[in-house]
Protein chains: 2
Amino acid sequence: MKKQPKLQTINEPTTTGLDQGRSRVAIENVKPEIDCGRFPAKRTVGESMSVEADIFADGHDALSALLLYRKEGVSRWTEIPMQPLVNDRWRGAFEVQEIGDHYYTVQAWVDRFKTWRQGLAKKVEAGQDVALELLAGAELIELAAKRAAGEDRKSLNHFSAILRGDPSAAIQSGLDEALAILMEKYPDRRWAVTYDKELRVNVERGKARFSTWYELFPRSCAGTPGAHGTLRDCTERLPYVAGMGFDVLYLPPIHPIGYSFRKGKNNVLEAQPGDVGSPWAIGAKEGGHKAIHPQLGSLADFKRLVAEAKKFDIEIALDIAFQCTPDHPYVTEHPEWFRKRPDGSIQYAENPPKKYQDIYPLDFESEGWEELWNELKSVILFWCEQGVRIFRADNPHTKAFAFWEWVIGEVKKDYPDALFLAEAFTRPKVMYRLAKLGFSQSYTYFTWRNTKSELTQYFTDLTQTEVSDFFRPNLWPNTPDILTEYLQFGGRPAFMTRLVLAATLGANYGIYGPAFELCENVPREPGSEEYLNSEKYEIKHWDLEKEGSLREFIARVNRIRRENRALQSDRSLRFHPVDNPEIIAFSKRTEDPSNVIVAVVNLDPHHTQSGWLDLPAEGLGLDPDQPFQMHDLLTDARYLWQGRRNFVQLDPQSVPAQIFRMRHRIHREQDFDYFM
Amino acid sequence: MKKQPKLQTINEPTTTGLDQGRSRVAIENVKPEIDCGRFPAKRTVGESMSVEADIFADGHDALSALLLYRKEGVSRWTEIPMQPLVNDRWRGAFEVQEIGDHYYTVQAWVDRFKTWRQGLAKKVEAGQDVALELLAGAELIELAAKRAAGEDRKSLNHFSAILRGDPSAAIQSGLDEALAILMEKYPDRRWAVTYDKELRVNVERGKARFSTWYELFPRSCAGTPGAHGTLRDCTERLPYVAGMGFDVLYLPPIHPIGYSFRKGKNNVLEAQPGDVGSPWAIGAKEGGHKAIHPQLGSLADFKRLVAEAKKFDIEIALDIAFQCTPDHPYVTEHPEWFRKRPDGSIQYAENPPKKYQDIYPLDFESEGWEELWNELKSVILFWCEQGVRIFRADNPHTKAFAFWEWVIGEVKKDYPDALFLAEAFTRPKVMYRLAKLGFSQSYTYFTWRNTKSELTQYFTDLTQTEVSDFFRPNLWPNTPDILTEYLQFGGRPAFMTRLVLAATLGANYGIYGPAFELCENVPREPGSEEYLNSEKYEIKHWDLEKEGSLREFIARVNRIRRENRALQSDRSLRFHPVDNPEIIAFSKRTEDPSNVIVAVVNLDPHHTQSGWLDLPAEGLGLDPDQPFQMHDLLTDARYLWQGRRNFVQLDPQSVPAQIFRMRHRIHREQDFDYFM
């Protein structure tokens, strides 16, 4: 006998008529609404939360609708009138001003006064006798007066008296805008319909939306070649990182590295004496996830790094890699947190037929899972206590979904400003699920999207669909794991192209340096995306002053990002046609639009490409009949354009991209003092 | 102080980790799911109910998933294994066999045995030592054996013994398909996840999906010109209607017609003596919605009509027009069911500045609404008792939504086979809402969709989107209210074109006759869509034997519909390119596809049009390398086609359409007896 699943029936018709018979309005298709409200939408402080819904009733009566919202813990709703768009679609918006969960829903009702007023206007226009209509209006106003008090009540009673008096004065008053506004304050909401869900929007601080990441290995920061860098060396590197304009410095795991099955240089199975191992092989006799690798320094050094970084407006982001080496203290202290093989040994990681004997995955299904989860939560809280507020989760898609939703919620109870980046390069639905569960930002497929059609399709999906309500892309042209073929074969121009794309397509982006700015592009072997002599397995000494470093270029791009609000959000991204498949063009704008950025990028790192760019007639505030100035913020060159079609040409050997700021007003003779 | 709305918070995160930590599977995006399960999907008896969902978990473990379903009132679920498609999408299907509500949901779990089996295969292929893996497999099998009984338990224990024995036999048994099938019967579902909604599918009888309607005015059925036709005359007309192949005979309201403000011929305000009024002006001293207009005959006559129709496989459909004339008994018996004007008079219908003083709308919001609703329900039940099971609701979009959901549900409790057609020509979201609320079929915009792009767009929306799960189109080329301009100006070919389109695009369609088959096409005035001397306001005498009647053509089209199952559903509709904008082509097929119909229609009623038709390489079972026969069921001509592109030519003066049945097998020399 199979066990019958226990299920809750929630979709029995709830409005079966005889209990809510007089509530005539239907509210449908509310957006945003992620998975029927199971997950919250996302915004950052100061962003606008626009809500739309289909709202309609039977018949031809006029409706009124409100968007209701409240912060978690506040019981009183704030009410915002919604406006009809077309085709029974309505919209309202509010600005979210605080970190934390907010709730919103929609309420609507048949508005008898509005209906009456529209009918009156039409009848008057058709010259009909409206004596009875005026009395009907007076009745509605008198009912509203009973709901009002003070001056408003007095005014309403005054209006109703007029409507019961001389017809021509009555008509004029009945159609008076002031009366309509007053009546709007005292609607008859007895049979108002409220949408059957309170939907949630989770608000995070601005950095969730706009951040500029730099990843480096502290052990490669030593001044002397061959020496093991320390957190102090890393602290010395802050001016360099800040000089390029980064505001998040992300460190691979800084915990003790295991010895058993340690990998050697270039990931060979047998480490040689002196090989330092991978920072992601966490745990040794010196400690686990709450300890610092002794060669990096002390907890005090770490706290000093955090404090010094703050002076440069840089936040330290730590890596959360919940996995253990065979030497991790958990293995002996909590063997129940790992899966056993039939011989009693602990199951190492594998992806058959591949084996990863240096890593023991934690078993999120184990008998001791509750204790395990609480321990992992305590790891994050520990680093929060040391001043860390940004965490990059390593391979979150190989840990239980429920764990992430729980642990992110728990951490935010104590540290509402904590942010989480999901480092998952996996199937699209899994990536989206992680974002829904609470990750503030997510790695993307940008890394492998190189052509115009790939980029256009992918970023249209990310920014112009429901995905934009829960998934915040963070774009990485490279990582310690990924040296793409585009970078391997495109030379320095390829690095510039990918940097501009990442920094302008994504309000959140990051690079793994100094490999990136030094244009490191040699793979371990042909066809591999691994770096040769990867920093994951050995200490590197980078020559930061090397000729050709993109340091200054990156600094300029990041300054452009800071100075142009349009680039600090992904919502407004739109692609524009160029009649050359090697050139991609897109724009971002502020809502006003006081700040409009148009990026034009040559995707071909080898040849100069040119073409005609088509800008849209609407949306960018462009007047196609007037000349306007395009100011290339990368080169400071200014171009005079007119109309929708303009010529662009990009030489990858100088700068493969232009980041234009549109400046609409062109000076004219009238602006000349003597003109008048 | 504004009243705070009372709301239920249902979207607090429910899976907060520590209560369901070991349930790792996510189930998302289940289809069909109408408005988060608020409304049921629709099917008819015998149809397949295909359900899809995104199903995935963290990591790389293999999953198993079930589609669960049960009929209302049955507590036990039937379980159907779901199969993975691509991109984490899964599908399962069941056939609905009974009228009434059914529930369905999805269950899935991490399948440790399946995971183990896949891993074993890969390790064996890589030549790895699998001794421990075999023991791990034996453990899983032994656990399953405990869940099994009888022969199955014995078999499982036998398998586990083998897995603990000689390695090469163990490997072979571990990968044995028989073991996999056996293990699938006893899965470990302790941490299975069941989708959090039970979704509903409402099943109606086949006629909801496939029906052929004929509308006529009984009062125009008299044998003698000028005489008032009766229900007996209407009964005499049955062989004529059946001869054309119709199976639903829909009558405009048959109730007593009011006298106050009765409209004259051609809808003039003042009726002349002898004017018969509009059947939709319901109610007089002779009775209301449960009475029969005296000049039509008696209730006994009506019941005889229903019974006689049945002999021709025709069902009588009645009009539900819930509105009253000032003479309706309700007006004096229940004045509280109508809205009052300030002078105490009853508010007539209006759409300012237009007035309809012959009609009093019922006030669905009135204080007496519960009593009113129950009375209206009793009207429908009364006619059900007389043998009627199909109702066409007049202007349902001007009556409360909640009323329809309630009353349709109530009627179906007693008469599960009752069907309802929504006669709403209104805004799209309102039309869809009515369908969701329970109407079996709906009028559509087909009436005004004439061009290829209009038809393609509209019918793609209706049949290839979620709309197809709740909205069943019923296509009318004309109605007593609508003589389209296409029919006014296109002559007889226009009527043929529109008939073929209605009958092939829509599994449900209807015509208003005899106006249609006699190609009546004179409007009241230029620019009007009203018929001149409309039957709505006067008695007509139709010359059924008139030359040019489409009677035989209609009979042929309807026979084609009956004989080809492909045309009895809208789900498979697909449009195919023709390089001529005046020719539209589309196909329908059965699932097998043993029955494939391709319709090609010339939309230009004035000129012969030709072009090249592109059939798809897939979906119709077409082998582009083989010749195939296209059998035009309208003319019985047979064409030999080959490949995807073939020539079509249609002369509207003969037949403006071809309804091909694809016949794949063409005889060859091998079929000749002496060939071998």
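The values are calculated or read from the model by the stated rules, or taken from the named source; none is laboratory data. Predicted, not measured: the structure shown is a model, and the values here were computed from it. Cβ coordinates were reconstructed from backbone atoms using ideal geometry, including for glycine residues, and neighbour counts include every protein chain displayed. These accessible areas exclude ligands, DNA and RNA; they are computed on the full protein's heavy atoms, side chains included. Shrake-Rupley method; radii C 1.70, N 1.55, O 1.52, S 1.80 Å.
Roughly what % of DSSP beta bridges within the range B:538-676 run antiparallel, to the nearest 5? Mind showing how you got there, number by number?
Numbers: 31 of 31 bridges.
Counting only bridges with both partners in the range B:538-676, antiparallel ones make up about 100 percent.
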| field | Accessible area buried at the A-B interface, both sides summed, 1.4 Å probe (Å², nearest 100) | value | 8700 Å²
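Quantify how strongly other chains surround peptide B:333-343 by giving the mean number of their Cβ atoms within 10 Å of each of its Cβ atoms. Walk me through the numbers on the way to the answer.
Working: counts 0, 0, 0, 0, 0, 0, 1, 1, 4, 10, 4.
So the per-residue partner count for this stretch is 2.
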| task | Could you tell me which of B:Y356, B:F217, B:W90 has its Cα farthest along the dipole of chain B towards the positive end, charges placed at Cβ (Lys, Arg +1; Asp, Glu -1), taken about the Cα centre? | result | B:W90
| remark: Using alpha-carbon positions, the gyration tensor of the range A:432-572 gives root eigenvalues a ≥ b ≥ c; with a/c under 1.5 called rounded, otherwise prolate if a/b exceeds b/c, else oblate, the class is prolate
| task | Please name which of A:A422, A:V407, B:Y259 has its Cα lying farthest along the dipole of the protein assembly as shown towards the positive end, using unit charges on Cβ (Lys, Arg +1; Asp, Glu -1) and the Cα centre as origin. | result | A:V407
| Solvent-free Debye scattering, log10 I(q)/I(0), computed from the Cα coordinates of the range A:262-371 at q = 0.13, 0.18 Å⁻¹ | -0.62, -1.01
| Long-range amide H partners of B:D101 with built H, under 5 Å | B:E72, B:V203
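Round to the nearest 0.05 the FRET efficiency obtained for B:D414 and A:Q347 when R0 = 60 Å and r is the Cβ-Cβ distance.
Working: r = 62 Å, r/R0 = 1.03.
Efficiency computed from Cβ-Cβ geometry: 0.45.
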| Can you give the mean number of other chain Cβ atoms that lie within 10 Å of the Cβ atoms in peptide A:52-62? | 5
| query | Solvent-accessible area per residue for the protein assembly as shown at a 1.4 Å probe radius, Å²? | reply | 40 Å²
| said: Under a crude label model (7 Å from the Cα following the beta-carbon direction), how far is A:E466 from A:I181 in nanometres? | reply: 4.0 nm
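Restricting things to alpha carbons, find the Rg to Rh ratio for the protein assembly as shown using the Kirkwood radius for Rh.
Numbers: Rg = 37.0 Å, Rh = 36.6 Å.
Across the protein assembly as shown, the Cα-based Rg/Rh ratio is 1.01.
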| Which cross-chain or sequence-distant (5 or more) residues have an amide H under 5 Å from the amide H of A:S211, H modelled 1.01 Å from N in plane? | A:N508, A:Y509
| remark: Taking protein heavy atoms only, a 1.4 Å probe, and rounding to whole percent, the accessible area of the protein assembly as shown owed to carbon and sulfur comes out at 50 percent
| query | Hey, what angle do you get for helix B:428-437 against the long axis of chain B, alpha-carbon based, 0 to 90 degrees rounded to 10? | reply | 70 degrees
| said: Between 0 and 90 degrees, rounded to the nearest ten: what's the tilt of helix A:299-311 against the longest Cα principal axis of chain A? | reply: 50 degrees
| Tensor-based shape of chain B (alpha-carbon gyration tensor, a/c under 1.5 rounded, otherwise prolate or oblate) | oblate
| task | List every residue whose amide H lies under 5 Å from the amide H of B:I390, counting only residues 5 or more places away in sequence or on a different chain, with H placed 1.01 Å from N in the peptide plane. | result | B:L318, B:L419
| request: Starting with the highest mean, order B:207-218, A:608-619 by the number of other Cβ atoms within 10 Å, averaged over the residues of each peptide. | output: B:207-218, A:608-619
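Which of rounded, prolate, oblate describes the range B:561-663, given a ≥ b ≥ c as roots of the alpha-carbon gyration tensor eigenvalues and a/c under 1.5 marking rounded, otherwise prolate only if a/b is larger than b/c? Mind dumping the intermediate values first?
Numbers: a/c = 1.60, a/b = 1.32, b/c = 1.21.
Prolate, because a/c is 1.5 or more and a/b exceeds b/c.
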| said: Please report, for A:H664, the nm distances (one decimal) from its label point, 7 Å out from Cα along the beta-carbon direction, to the equivalent points in the remaining copies, shortest first. | reply: 6.2
| query | Copy-to-copy spacing for A:G409, label 7 Å out on the Cα-to-C-beta vector, in nm, shortest first? | reply | 3.1
| said: With respect to the axis carrying B onto A, what is the closest chain B residue by Cβ position, and how many angstrom separate it from the axis? | reply: B:C36, 2
| How do A:119-127, A:480-488, B:124-132, A:433-441 rank on mean C-beta neighbours within 10 Å, highest first? | A:433-441, A:480-488, A:119-127, B:124-132
| note | Here, B:D651 and A:K71, labelled 7 Å along Cα→Cβ, have an inter-label distance in nm of 8.0 nm
| For A:N29, label point 7 Å along C-beta direction: distances to other copies, nm | 2.0
| Distance from the Cα centre of the range A:298-340 to that of the range B:510-550, in angstrom? | 84 Å
| request: Report, in degrees rounded to the nearest 10, the 0 to 90 angle that the Cα long axis of helix B:452-464 makes with the longest principal axis of chain B. | output: 50 degrees
| said: If I model a spin label as a point 7 Å beyond the Cα along the Cα-Cβ vector, how far apart are those points for A:Q172 and B:F312 in nm? | reply: 6.7 nm
| task | Two decimals is fine: what's Rg over Rh for the range A:402-495, C-alpha atoms, Kirkwood radius as Rh? | result | 1.04
